[in-house]
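Reviewing the structure listed below.
Throughout, read-outs are computed from the coordinates displayed, never taken from laboratory work. Since we're looking at a predicted model, the values are computed, not measured. No Cβ is skipped: glycine too gets one built from the backbone with ideal geometry, and neighbour counts run over all protein chains shown.
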Amino acid sequence: MATRQSVDQLLQQCEDAINLAQEQYKSAATQQHYDNGGFTSALQAIEDAYNDLAKLSFSANAQQRDQLHRMRLQLQQVQNNMILLDH
């Protein structure tokens with residue numbers, strides 16, 4: 001079973017990845033170009049967090065799975081926005 005601490009740490013990692021991705025998105029949207037390294041790193045952080053969520057959800061209880069699922073949806077939304085950014 002997943003511990004409360006491991007779920008909290010992973011959720012924090014996801015929030016950090018989302019914040020980084022949103023910063024990169026805003027920068028790319030306002031400048032009409034983007035730093036390939038920073039943008040790619042943000043996408044990779046989102047992907048890593050998403051994969052970690054999938055792994056942890058196997059050992060989570062129902063409430064934790066719900067939390068993880070909601071975070072996974074947030075990660076997917078940010079990832080989709082970044083991929084579809086017209087710059």
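Across all C-alpha atoms in the chain, the radius of gyration and Dmax reach 14.0, 46 Å. Each label was represented as a point 7 Å from its Cα along the Cα-to-Cβ direction; for ASP8 and ASP48 these points are 2.3 nm apart. In the chain, helical runs assigned H by DSSP with n ≥ 4 each contribute -39500 (n - 2.57); averaged across all residues and rounded to the nearest 500, the mean residue ellipticity at 222 nm is -29000 deg cm²/dmol. Of all the options ASP48, ASP66, ASP16, the one that moves most in a Gaussian network model of the chain with Cα springs shorter than 10 angstrom is ASP66. Using the Cβ-Cβ distance between GLN63 and GLN31 with R0 set to 41 Å, the FRET efficiency works out to roughly 0.50.
Potential lengthening of the chain between GLU15 and ASN80 amounts to 21.8 nm, from the contour at 0.36 nm per residue minus the alpha-carbon distance.
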